Amino acid sequence: MSQDFTLAMFIIAVGLSAAGAGTHFYQMIFKQEAMLRFDGRNYLATLGHLFMSFVCGPYIMLQLGWRRQANEGVSVSSALLGSFIAFSWSFISGLMVLGVYIASIGA
């Protein structure tokens, strides 16, 4: 049972680190804040924003959960909900990243 839990945490860690790296890479290249969006000037730009939102989504959700409210501290419910969504999303992203990695090395 502990091996299953360890494997799940590893997959989440891979997904979250890929999302964080993707977010910082996007912000470095395009010089704008990465956010969840689906708008674009044309069809290709819209697909690019959707792809970026899916890849970078866990990291963005984690950051959204820890934002301060106006004249207040961090909301506990907002932080818990953001963390739950981010880590769940990271598991799916991590499965995809590890699947591509395993497929590319041919194991």
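Enumerate the pairs (first residue in region 29-47 and free of Cβ contacts under 8 Å to residues at least 24 places away in the same chain; second residue anywhere and assigned to a helix (DSSP H, G or I) and aliphatic (A, V, I, L, M)) with beta-carbon separation below 8 Å, excluding pairs fewer than 6 apart on the same chain, so at least 6 apart or on different chains.
Hits for this filter: Phe38/Leu50; Gly40/Leu47.
Among the residues in region 4-12, are any on the phi > 0 side of the Ramachandran plot and of a type outside the set (A, V, I, L, M, F, W, C)?
Here is the first cut: in region 4-12, the ones on the phi > 0 side of the Ramachandran plot are none.
No - not one qualifying residue is present in region 4-12.
Is there a residue in region 94-102 that is in contact (Cβ under 8 Å) with a residue 12 or more places away in the chain and farther than 13 Å from Ile11 by Cβ?
no
Is one or more of the residues making up region 49-64 farther than 27 Å from Val100 by Cα, loosely packed, with under 11 Cβ neighbours inside 10 Å and not hydroxyl-bearing (Ser, Thr, Tyr)? Walk me through it before giving the result.
Start the filter on region 49-64 by keeping residues that are farther than 27 Å from Val100 by Cα, which leaves 64.
Checking which are loosely packed, with under 11 Cβ neighbours inside 10 Å leaves us with none.
Among the residues of region 49-64, not one is farther than 27 Å from Val100 by Cα, loosely packed, with under 11 Cβ neighbours inside 10 Å and not hydroxyl-bearing (Ser, Thr, Tyr), which makes the answer no.
In region 72-86, which residue that is surrounded by 14 or more Cβ atoms within 10 Å (Cβ to Cβ) and farther than 11 Å from Ala19 by Cα is modelled with the lowest pLDDT? I'd like the intermediate steps shown before the answer.
From region 72-86, those surrounded by 14 or more Cβ atoms within 10 Å (Cβ to Cβ) are 75, 78-79, 81-83, 85-86; that's our starting set.
Among the residues that remain, those that are also farther than 11 Å from Ala19 by Cα are: 75, 78-79, 81-83, 85.
Numbers: Ser75: 81, Ser78: 85, Ala79: 86, Leu81: 90, Gly82: 88, Ser83: 91, Ile85: 91.
Among those that are surrounded by 14 or more Cβ atoms within 10 Å (Cβ to Cβ) and farther than 11 Å from Ala19 by Cα, it is Ser75.
Checking Ala45 against (1) part of a helix (DSSP H, G or I); (2) under 12 Å from the mean Cα position of the chain (by Cα), only one condition comes out false. Which one?
If we test Ala45 against (1) part of a helix (DSSP H, G or I); (2) under 12 Å from the mean Cα position of the chain (by Cα), just (2) comes out false.
The values are calculated or read from the model by the stated rules, or taken from the named source; none is laboratory data. This one's a predicted model, so the numbers in the text were calculated from it and none came from an experiment. Note that we place each Cβ from the backbone using ideal geometry, even for glycine, and neighbour counts take in every protein chain shown.
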